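Here, each number is a calculation from the coordinates, and none is a lab measurement. Everything numeric here is computed off the predicted structure, so don't read it as measured data. A quick note on method: Cβ atoms are made from the backbone with ideal geometry, for glycine too, and the neighbour counts reach across all protein chains shown.
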Amino acid sequence: MNALVKSYRWNRQLDSGQITISDIAKQEGRARTYVSRIVNLMMLAPDIISSILTGTQPATMHLKDLTANLPIKWEDQRLFLLL
């Protein structure tokens, strides 16, 4: 859930044009690749986001699954995550 919150917050900052991924990485003490992967969580299917926020996601779902080569199409995301 924390990663989703970061994703939304960082996305708002990026959309404002006042900050870059490199800036966020420096502020957070993280690698640019980490920040990019977290920002990409915004592209998760709405039902996947909802399940995470309500705590009803499968126990086998981990952040590494959501940030490692996750497909863009929502249907493919569900298949990839076995939902």
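Cβ contacts < 9 Å: first residue closer than 15 Å to residue 36 by Cα, restricted to the stretch 56-83; second residue of a type in the set (Asp, Glu) and outside any loop (DSSP other than H, G, I, E, B), any location; separation 6+ or different chain. Result?
Pairs found: 70/76.
Please enumerate the residues belonging to the stretch 1-14 that are in a helix (DSSP H, G or I), surrounded by fewer than 17 Cβ atoms within 10 Å (Cβ to Cβ) and touching a residue at least 40 places away in the same chain (Cβ under 8 Å).
3
Would you kindly identify the helices (runs of 4 or more DSSP H) lying entirely within the stretch 15-58 that contain at least 1 residues that are small (Gly, Ala, Ser) and more than 15 Å from the chain's Cα centre (by Cα)?
Numbers: elements: 21-28, 32-39, 46-54.
Output list reads 21-28.
Filter the stretch 39-73 down to the residues that are loosely packed, with under 12 Cβ neighbours inside 10 Å and either small (Gly, Ala, Ser) or in contact with a Gly (Cβ under 6 Å, 6 or more places away or on another chain) (or both) and list them by number.
55, 59, 68
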